[in-house]
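Quick notes on the structure that follows.
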Amino acid sequence: MFKEIAQQFEDDCSYDEPMSKHTSWGIGGCSDLFYSPKSRKDLVYFLSSIDPTLPITWIGRGTNILVRDGGIRGVVISTKSFLKEIIKTSEHLYKVEAGVACVELALFCQKNGIGPAAFFSGIPGSIGGALTMNAGSFGMETWDLVKEVEVINEKGDISFLEKESFDIAYRTVTFPFRLWFLSCSMSLSSDEQTTKDNLIELRNQRIRTQPLSEDTCGSVFKNPPGNYAGALIERSGLKGFKIGSASISEQHANFIVNEGGATARDIENLIKHTRQAVREKFDIDLQPEVRIIGEAS
Ligand SMILES: Cc1cc2nc3c(=O)[nH]c(=O)nc-3n(C[C@H](O)[C@H](O)[C@H](O)COP(=O)(O)OP(=O)(O)OC[C@H]3O[C@@H](n4cnc5c(N)ncnc54)[C@H](O)[C@@H]3O)c2cc1C
């Protein structure tokens, strides 16, 4: 069945696609079907033509997901080739589409003298991923700026929802129903400009503290209340600890590095080991920030 769908949508679809090509860890088994639409019209047509019981997984730039070695059953939909626009809709409101990279939004704001958006510059994901994760840094979070979102459901119906329709917390957003983001309306003003100096300062801070040249997924665990996951992991003596080809970064203990050839199983085992070590030493159960999806091999 997947081969037939791949043939029908051949320009935008591939069969048995290695997810390692679409994740920042460079890890992950194959998805049955990988669909990368070029327009909303194509996406709506695709959703209305496939079997509605097929499982669907939506991804942005794959910078916060661990795809297991057995891959993903059903369809993966990627925003890598569409939803790339940022449009001014009124004095302080901008429509930002879900496929825009967070760094592109930061640069757009710097160019147009609006903000605050410098915090987006070091987040390597898409706006769709940032909305799902309530991504943030340096004291700001994505949903601080959001007024309304445009969403699509599995039947291809598009609707608009107010921010109040969602429960929003630190790196957690609870949806009112199963949906995916197409765009959001963000409040960005010239009162809080994003400057080149802001961007350089935050970039330098990241270079000093994070292993940016390695294959990682950013912070693996959320910070527990009043504490830092990285500090707890470091104080558990785990910096440099390795399982297979996955290791706890020497530079930042909340980052796990794929040193080359690591499997999802290596990373998942390292996540489990780290949780257990921190629980035993501090009686704190670290909660993963990364989303673990797909099937074990
Ligand atoms: C070096 C590095 C640094 C990082 N620094 C930060 C940081 O400072 N702060 C921070 O918060 N995060 C950080 N991250 C993590 C990551 O970049 C963010 O969580 C980002 O928002 C994920 O976006 P993405 O497009 O990669 O999402 P993906 O990893 O592709 O997906 C993440 C989740 O979002 C869902 N999703 C993606 N797009 C949509 C959509 N359009 N509609 C509905 N669901 C969708 C997916 O199904 C999945 O559940 C970092 C990662 C790396 C590698």
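The values are calculated or read from the model by the stated rules, or taken from the named source; none is laboratory data. Please read all numbers here as calculations on a predicted model, not as lab measurements. Here the Cβ is made from the backbone with ideal geometry for all residues, glycine too, and neighbour counts use every protein chain on show.
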- line: Within the range 120-131, the count of residues that are within 6 Å of the ligand (Cβ to nearest atom) and either closer than 12 Å to residue 62 by Cβ or crowded, with 24+ Cβ neighbours inside 10 Å (or both) comes to 7
statement: Checked 200, 207, 168 against criteria (surrounded by 15 or more Cβ atoms within 10 Å (Cβ to Cβ) and either of a type in the set (A, V, I, L, M) or in a helix (DSSP H, G or I) (or both)); the one match is 168
field: Any chance residue 87 is assigned to a strand (DSSP E or B) and under 24 Å from residue 198 (Cα atoms)
entry: yes
- request: Give 161, 212 a once-over and let me know the one that is without any contact (Cβ under 8 Å) to a residue 24 or more places away in the chain and either assigned to a strand (DSSP E or B) or of a type in the set (S, T, N, Q) (or both).
  value: 161
query: Say we look at the range 149-173 and pick out the residues that are of a type in the set (Gly, Ala, Ser) and more than 19 Å from the chain's Cα centre (by Cα); which of these is farthest from residue 185 (Cα to Cα)?
result: 156
statement: Scanning the range 102-119 residue by residue, those surrounded by 21 or more Cβ atoms within 10 Å (Cβ to Cβ) and either assigned to a helix (DSSP H, G or I) or hydrophobic (A, V, I, L, M, F, W, C) (or both) turn out to be 102, 105, 106, 109, 114, 117, 118, 119
task: Tell me which residues, restricted to the range 136-156, are of a type in the set (A, V, I, L, M) and touching a residue at least 40 places away in the same chain (Cβ under 8 Å).
output: 145, 146, 152
query: Are any of the residues in the range 175-195 away from the ligand (no atom under 15 Å from the Cβ), surrounded by 19 or more Cβ atoms within 10 Å (Cβ to Cβ), modelled with pLDDT of 95 or more and farther than 20 Å from residue 95 by Cβ?
result: no
field: Single residue of the range 286-297 satisfying the filter (farther than 21 Å from residue 173 by Cβ and at pLDDT 95 or above) that is surrounded by the fewest Cβ atoms within 10 Å (Cβ to Cβ)
entry: 296
- prompt: Somewhere in the range 80-93, is a residue touching a residue at least 12 places away in the same chain (Cβ under 8 Å) and crowded, with 23+ Cβ neighbours inside 10 Å?
  reply: yes
